[in-house]
Amino acid sequence: MFCKNCGQPMNDNQAICLHCGVKTGEGNHFCANCGNQLAEGAAVCMSCGVAVNAQAAQTIAGGNNLNGQDKVVMAVICFFLGTIGIHNFMMGETKKGIFKIVMTFCFGISAIFALIDFIKILTDSYVWNPDKLV
């Protein structure tokens, strides 16, 4: 592992870089995988091919945060069928979809969760996690 601020080698369990004093994982000048200098605003290290940050890795792997689904399609489905969690089933979040169905039939409150998901989808802040319940 290398410091992302100064590029110096670090141990995997270090909390800060002993060379520059920056907290581990902070900085964007050097690749944490190979230690080579990064281009300004780079999403991927051109030396080793590793994604520079988690958002870049998600974009490269799935195209977006919706498990590869189109943003507009997911927003429309969430708006019209979000209360019963159809968009969650389409993204592979089965537990979350079942939770919304139960909330709809037992308490009728899953519309609040659907509205939150709808806003997150439109603002690109929806974090896809198939193991997360809510």
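The values are calculated or read from the model by the stated rules, or taken from the named source; none is laboratory data. Values in this document were obtained by computation on a predicted structure and should not be read as measured data. Reconstructed Cβ throughout: ideal geometry from the backbone, glycine too, with neighbour counts over all protein chains shown. Heads up: the accessible areas ignore ligands, DNA and RNA and are worked out on the full protein's heavy atoms, side chains in. Shrake-Rupley method; radii C 1.70, N 1.55, O 1.52, S 1.80 Å.
Quick check for me: using +1 on Lys/Arg Cβ and -1 on Asp/Glu Cβ, what's the dipole size of the chain about its Cα centre, in debye to the nearest 20?
Details: 8 positive and 8 negative charges, 54 e Å.
Charge dipole of the chain: 260 debye, to the nearest 20.
Name the residue from 127, 36, 108 whose Cα lies farthest towards the positive end of the charge dipole of the chain, charges +1 on Cβ of Lys and Arg and -1 on Cβ of Asp and Glu.
Farthest towards the positive pole: 108.
Counting Lys and Arg as +1 and Asp and Glu as -1, what is the net charge of the other residues whose Cβ lies under 14 Å from the Cβ of residue 83?
+1
Helix 71-81 versus the longest principal axis of the chain: what is the Cα-based angle in degrees, 0 to 90, to the nearest 10?
30 degrees
Straight-line reach from residue 23: which lysines have a Cα under 21 Å away, not including same-chain ones fewer than 8 places off?
Of all the lysines, those that pass the test against residue 23 - Cα under 21 Å, at least 8 places apart if same chain - are 4.
Assuming 0.36 nm per residue, please report the length gained on full extension of the stretch residue 43 to residue 22 beyond their Cα-Cα distance.
Numbers: separation 21, 0.36 × 21 = 7.56 nm, distance 2.10 nm.
The residue 43-residue 22 span can extend by a further 5.5 nm.
From the Cα gyration tensor of the chain, with a ≥ b ≥ c the square roots of its eigenvalues, which class applies: rounded if a/c is under 1.5, or else prolate if a/b is larger than b/c, or else oblate?
prolate
Using a 1.4 Å probe on the protein chains only, how many percent of the accessible area of the chain belongs to carbon and sulfur?
Of the solvent-accessible surface of the chain, carbon and sulfur hold 61 percent.
³J(HN,Hα) across segment 24-29 via Karplus (A = 6.51, B = -1.76, C = 1.60, θ = phi - 60°), whole Hz, x for Gly/Pro?
4, x, 8, x, 9, 9
Taking amide hydrogens as modeled 1.01 Å from N in the peptide plane, which residues meet the under 5 Å criterion relative to residue 44, leaving out close sequence neighbours?
Distant-sequence amide H within range of residue 44: 52.
Taking only Cα atoms and a 10 Å spring cutoff, compute GNM fluctuations for the chain and point out the largest among 28, 11, 36.
In the Gaussian network model the winner is 11.
If you count only protein heavy atoms with a 1.4 Å probe, what accessible area per residue comes out for the chain, rounded to a whole Å²?
61 Å²
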